[in-house]
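Note sheet for the following structure.
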Amino acid sequence: MLHAVSQTSPDVVHSRTLTRTLAHLQSEGLVEHHLDNEAADYRLTRAGTELVDLLAELDRWTREHWPDEDDEGSL
């Protein structure tokens, strides 16, 4: 997991930070830890998926309605 996060993040991600963050997200019911014979992984719960969808909608709305720096002079 740390390797995958490190490849996608422009910043250094320390294993302790990742472990704490995942534990917090798990305690909040947003991710589940899954173990099988070959690997362990974390997956979004239904609530986690709904939160991602909500944040994506908020991002879409913000981009549509919030003036960007080029539009500030027209306010």
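The values are calculated or read from the model by the stated rules, or taken from the named source; none is laboratory data. Predicted, not measured: the structure shown is a model, and the values here were computed from it. Every residue, glycine among them, receives a Cβ derived from its backbone with ideal geometry; neighbour counts consider all protein chains shown.
Below are the figures for this structure:
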item: Of the criteria (1) in a helix (DSSP H, G or I); (2) modelled with pLDDT of 90 or more, which one GLY73 fails; result: (2)
item: Residue within the stretch 14-31 that is part of a loop (DSSP other than H, G, I, E, B), surrounded by fewer than 12 Cβ atoms within 10 Å (Cβ to Cβ) and at pLDDT below 80 present; result: no
item: Residue pairs meeting the criteria (Cβ under 9 Å; at least 6 apart or on separate chains; first closer than 17 Å to HIS24 by Cβ and at pLDDT below 95, in the stretch 34-55; second of a type in the set (S, T, N, Q) and not in a strand (DSSP E or B)); result: TYR42/GLN26
